[in-house]
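Please read the structure below before turning to the comments.
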Amino acid sequence: MFDFVHKNKRLIQVILGLMIVPFAFFGLDSYTRSMSGANDVASVDGQSVSVREFNEELRQQLDRIRGIIGRGADVSTFDTPDARVNLLDNLIDRRVLAAAAVKSRLTISDEQLRELISTMPPFQVDGKFSKQTYEALLQEQNMTPAAFESRMRFDLAMSQLNRAVAGSVIQSRAVSTRLAALEGQQREVQEFVIPADSFVAQVKVDEAAVKAFYDANQNEFRTPEMVKAEYLVLSSEQLGALDPPTEEEIKAAYASRSSQYRQEEQRHVSHILIAAGAEAKPADKEAAKKKAEALEAELRKSPEKFADLAKKNSQDPGSAEKGGDLGVVGPGMMVKPFEEAAFRLKEGEISSVVQTEFGYHVIRVTGIQPAKIKGLEEVRAEITKDLAKQKGTRKFAEAAEVFSNLVYEQSDSLKPAAERFKLQVQKTDWIPKTGSPAAGKLANPRMLSALFSPDSIQSKRNTDAIEVAAGTLASARVAEHRPAAQLKYEEVKPAIEKRLRMQEAAKLARQDGEAKLAELKGGKDPGIKWSDPHPVSRSKAEGLPPDALRQILSANAAKLPAFTGFGADGGYVLYRVSKVIDGPASDDKDGKSTIARQESQAGNDQLAAYASSLRSRAKVEVNKANLDKKQQ
């Protein structure tokens, strides 16, 4: 079983990650039972994709986008019909793959599951599995042991299926090698920009064209529906701050967690690695071992040469350039033979040759940090924050229902709820229906939908208490409303004139650029002053637009220099390809990693094709009304 854990480290990390994200799926059993069709977005061979599951997956997707572009950003614009269809397609693919996993009886036994869970560090205390810790951690995430174990079974089953399908791909090594070389190929280019601005003076836009554009594109010239709002926010963080932990509570928590604050002995380690992995031939392993032994012998005579010898001989690229320095390591951070050897040495000592799965090492310990227990003052801030969070979470669970009832039952004002929980009524600036940074805490699709509902706008009632973030409820009411309105022609005429003028100028720049490009290809010199040359590649576009990069990389390099061009709204750019730099050979580090990516992609494509095949044989029904219906 420990071998299983070692081989599936990445999978175990993903499973552990489930404890800190919302539990979007409900175990393997949820894939094998029917639900009411009225509450479904789709069904796959009679098994449902519920509205609840779809909305939860959509919420997580939008949260991920919000995390990338900024927590206050409006992500409702990403909730498009096409995005919903793509999301549903992914869920349907999961259904058919899950059904295949169940049909193939891909699972693990109860005994294996118990042993696997017992080896997970978060569930251990003093190196041993703690049932109390296990249940407490799951409870913090609103999960039961049954739900967590069911999800683990499902993920392990799906992992087995994925490996079986993706691993069946036999990728041509020659094709992979060629693709690796092409992916790593660089082209040295020079540029000449023909800006559209330089042609603006030549453009004249008549009144009729401006008016025609306005009449044909009136939807572009509307002010959106907007509101100003008052709102209240109730969060676990606020509630925790109202009742800070006492000194007695902090000391008690420190005493109960003393094992967590023990810092095991750590060592500052350097090494020289002569690589010889498991796939190496016996002769290569023997040669690597002899080289490592020769380095050890040299170091016994001249230990001060360690850094120089590491730079010249070590085959660990991460540490070789630093003289073999691996930094400070503690128990469990290195493979077992390396760790055992490093922790036997005294400070300044050099080890005998140590063999690991990576090859042969010569190790030196340059410093030792003894084991110690962090004092209360070192962890006071951490404990205080944790206790406050726990208190806030408990109080929030108790207060959420009262808050929700108050804003609903006394819907003509937020003051009763504000007074009850000592909250401040806050105000926003104008917020468009699509959202904006001005929405602040209200930049939430459900909240914006509630604010712009007829009940909020016409009756000026409080919205329901809506969860705008984890452990955070908000309720708002409309203070002012401004309906959408059509901007008058006179208001937008200057902007339209400028836009049309730039469009025509861009056309002239393109015409000029294409004429110069024809001259260049014909061997003539149109008097261009090129920029300094710089390399570009598929992985390093250096700011080039994708279409421009594609033209540069596809330009015929049989006879250099080669020329191409690219036009955009800002003008036209000519490119001169002066040199082609081949990608790395397939037997070097970068080449191998590229080949591995190609083979991995082939495996992913195989899995996608398998899912598509399963889906074509399944009975799939989509409830378009529920798919299009946005959560209120």
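Nothing in this text is a laboratory measurement; each read-out follows from the coordinates by a stated rule. Everything numeric in this text was worked out from a predicted model, so none of it was measured. Cβ coordinates were reconstructed from backbone atoms using ideal geometry, including for glycine residues, and neighbour counts include every protein chain displayed.
Miscellaneous remarks
- Global geometry of region 286-423, whether rounded, prolate or oblate, following the gyration tensor of its Cα atoms and the 1.5 cut on a/c: prolate
- Estimated FRET transfer efficiency (Glu340, Asp45; beta-carbon r; R0 56 Å; 0.05): 0.55
- Spatially proximal lysines relative to Lys498 (Cα-Cα < 23 Å; intrachain offsets below 8 disregarded): Lys204, Lys211, Lys488, Lys507
- Efficiency of FRET from Cβ geometry, Glu467 and Ala371, R₀ 41 Å, rounded to 0.05: 0.40
- Among Ile274, Leu345, Pro303 the positive-end extreme of the charge dipole of region 265-370 (Cβ point charges): Pro303
- Take the Cα of Val205, step 7 Å toward its Cβ, do the same at Glu111, and the gap between the two points is 7.9 nm.
- The string of couplings for region 299-314 from the Karplus curve (6.51, -1.76, 1.60, θ = phi - 60°) is 6, 4, 7, 9, x, 5, 8, 3, 4, 5, 5, 5, 4, 7, 10, 5 Hz, one whole number per residue in order, with x for Gly and Pro.
- Listed cross-link partners Lys228/Lys441; Lys128/Lys372; Lys385/Lys441 are compared with a 18 Å cut-off, the Cα-Cα value being larger for Lys128/Lys372; Lys385/Lys441.
- Label-to-label distance, nm, for residues given as Leu560 and Asn219 (7 Å Cα→Cβ offset): 4.9 nm
- Amide hydrogen neighbours beyond the local backbone of Gln263, cut-off 5 Å, H modeled: Lys372, Ile373, Lys374
- Reachable aspartates and glutamates from Lys389, criterion Cα separation under 13 angstrom, eight or more residues apart if same chain: Glu140, Glu237, Asp243
- Full extension of the chain between Val425 and Asp547 gives 38.9 nm of extra length, using 0.36 nm per residue less the Cα-Cα distance.
- Legend: distances between Cα atoms for Lys131/Lys374; Lys290/Lys346; Lys301/Lys346; pairs beyond 23 Å are Lys131/Lys374; Lys290/Lys346.
- The simple Förster model, with R0 at 45 Å and r as the Cβ-Cβ distance, assigns Glu237 and Thr80 a FRET efficiency of 0.85.
- Extension gain from Asp89 to Leu487, taking 0.36 nm per residue of separation minus the Cα-Cα distance: 139.3 nm
- Full-extension gain in nm, Ser198 to Glu401, via 0.36 nm per residue minus C-alpha separation: 66.7 nm
- Derived scalar couplings between HN and Hα for region 372-380 equal 7, 10, 5, x, 4, 5, 5, 10, 4 Hz in order, rounded to whole Hz, by the Karplus curve 6.51 cos²θ - 1.76 cosθ + 1.60 (θ = phi - 60°), x for Gly and Pro.
- Asp455 paired with Glu621, simple spin-label distance in nm, labels 7 Å along Cα-to-beta-carbon: 3.1 nm
- Length-normalised contact order for region 177-321 - Cα pairs under 8 Å, 6+ apart - percent: 18 percent
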